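A short worksheet on the structure shown next.
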Amino acid sequence: MAGKILVGTSSWADPGFVEEWYPPGMPSRDRLPWYAQRFDAVEVNSSFYAIPEPGTVARWAEVTPDGFVFDYKLHRALSRHAAQVDSLPPDMREGLDVGPRGRVRLTPALERELVARTLEAVAPLEQAGKLGAFLLQLTPSFSPRRHQLDELSALVQALGDRPLAIEFRHRGWVEDERLESTLEWLGEHGAAFVAVDAPKQVEVPIMPDVDAVTTPDLAYIRLHGRNAEGYLKGTTVAERFGWEYSDEELEEIAKRVRGMAEEAGFVHVMFNNNRGADAPTSARKFRMLIGQDPGPPPDDGQLRMA
């Protein structure tokens, strides 16, 4: 049997969603339940910038239906991005190793504590059976010339047996002979490779189409749009990832996803083309394309709220 395909977007609270997709005037507290009527899963994006309070996470679990899944993006410091001191919980901001630009240096001790705080934060999702995978979105500067994958081993171990999906942003990890060793490392550590749909140009931070499945339980694909100039030079999320997927492009993606579903128990398909209503619109069309019920059409809600 083919694996189950879960479709969602990278965030449910993107400003573009509020402006163009949610019913006008909808209170912020009502957006997640409304979203969850239309999708089976979502990526928590705000957690990349700050660890949420357990009470906030508990409410996410309460207002979503049984079976809804949250993939959780790990804090930017854990994914080797530049992180300022104020992105950490207030009681963790003393005694840090901080660089001249105010950026926190990730030490083993800080990594352990950040993972511990993360696990505390997501406990309500775990208890409700709604925690999907942790998403580690590595910085493009994490390159095979300067780094080793074993640098991630302590993080993988600290997360225990919880599902982890790793997205590379430096194509060197999957080019030529390095592809095999990268996928082998992921498999040995029980981590899922994150496939992407991205612009098709050959540039260091643009990953090529690689639909590898490295764990039997989970395959993962993120859809970033195909605007190469925006992806490379854009300064905002909308500039970098804005893209309206055509039916033909969605058919291409569906073929890739179905292939992954032949090898994994679950395939998480997350649309990150976050400009206005692009992502939820594309995700809804994709659900219909693969034969899923996309829930109530957005227009119905908008008309009721008008």
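For this structure, a couple of remarks:
- Antiparallel DSSP beta bridges within the chain, percent to nearest 5: 5 percent
- Charged side chains reduced to their Cβ positions (Lys and Arg at +1, Asp and Glu at -1) give the chain a dipole of some 680 debye around its Cα centre.
- Of all accessible heavy-atom area on the chain, the percent that carbon and sulfur account for (1.4 Å): 49 percent
- √(5λ) per eigenvalue of the Cα gyration tensor, the range 3-140, largest first, Å: 29, 17, 14
- Of the trypsin sites (Lys or Arg not before Pro) in the range 187-272, the ones in a loop by DSSP (not H, G, I, E or B) with at most 14 other beta carbons within 10 Å are Lys200.
- Each part gets one Cα centre, and for the range 156-224 versus the range 21-41 those centres are 30 Å apart.
- Calculated on alpha-carbon atoms, Rg and Dmax of the chain in Å: 18.8, 57
- Selection from Pro163, Phe241, Leu149, by position along the positive dipole direction of the range 149-256 (Cβ): Phe241
- Gain on full extension, evaluated as 0.36 nm per residue between Val202 and Glu248 minus their Cα-Cα distance, stands at 14.4 nm.
- Heavy-atom accessible surface of the chain, averaged per residue, reaches 46 Å², computed with a 1.4 Å probe.
- Estimated translational D of the range 165-231 in µm²/s (Stokes, Kirkwood radius over Cα pairs; 37 °C; 0.692 mPa s): 269 µm²/s
- The residue among His75, Leu250, Ala228 whose Cα reaches farthest toward the positive pole of the charge dipole of the chain, with charges on the beta-carbon of Lys, Arg, Asp and Glu, is His75.
- Across the range 1-80, Cα-Cα pairs more than 22 Å apart make up 28 percent of the total.
- Radius, Kirkwood style, for the range 104-243 when every pair of distinct Cα atoms is counted (Å): 16.3 Å
- Value of [θ]222 nm, deg cm²/dmol, for the chain, DSSP H segments ≥ 4, -39500 (n - 2.57) each, nearest 500: -10000 deg cm²/dmol
- Computed over the range 168-274, the ratio Rg/Rh where both radii use C-alpha atoms and Rh is Kirkwood: 0.97
- Once C-alpha pairs closer than 8 Å and six or more residues apart are averaged by separation and normalised to the residue number of the range 152-306, the relative contact order reads 18 percent.
- Amide N proximity, the range 183-213 versus Lys255 label position 7 Å along Cα-to-Cβ, cut-off under 19 Å: 195-201, 208-213
- Taking the Cα centre of the range 162-260 as reference, the dipole from Cβ charges on Lys and Arg (+1) and Asp and Glu (-1) amounts to some 320 debye.
- Label-to-label distance, Glu188 versus Asp91, with points set 7 angstrom from Cα along the beta-carbon direction: 3.9 nm.
- Accessible area of Trp243 in the full protein assembly, 1.4 Å probe (Å², nearest 10): 70 Å²
- Taking 0.36 nm per residue of separation and subtracting the Cα-Cα distance, full extension of the segment from Ser28 to His147 would add 38.7 nm.
- Point-to-point label distance, Arg178-Arg162, nm (Cα→Cβ direction, 7 Å offset): 2.9 nm
- Using C-alpha pairs below 8 Å separated by at least 6 residues, the relative contact order for the chain is 23 percent.
The values are calculated or read from the model by the stated rules, or taken from the named source; none is laboratory data. None of the values given here were measured: they were computed from a predicted structure. Here the Cβ is made from the backbone with ideal geometry for all residues, glycine too, and neighbour counts use every protein chain on show. Surface areas here come from the heavy atoms of the whole protein model, side chains and all, with no ligands, DNA or RNA. Shrake-Rupley method; radii C 1.70, N 1.55, O 1.52, S 1.80 Å.
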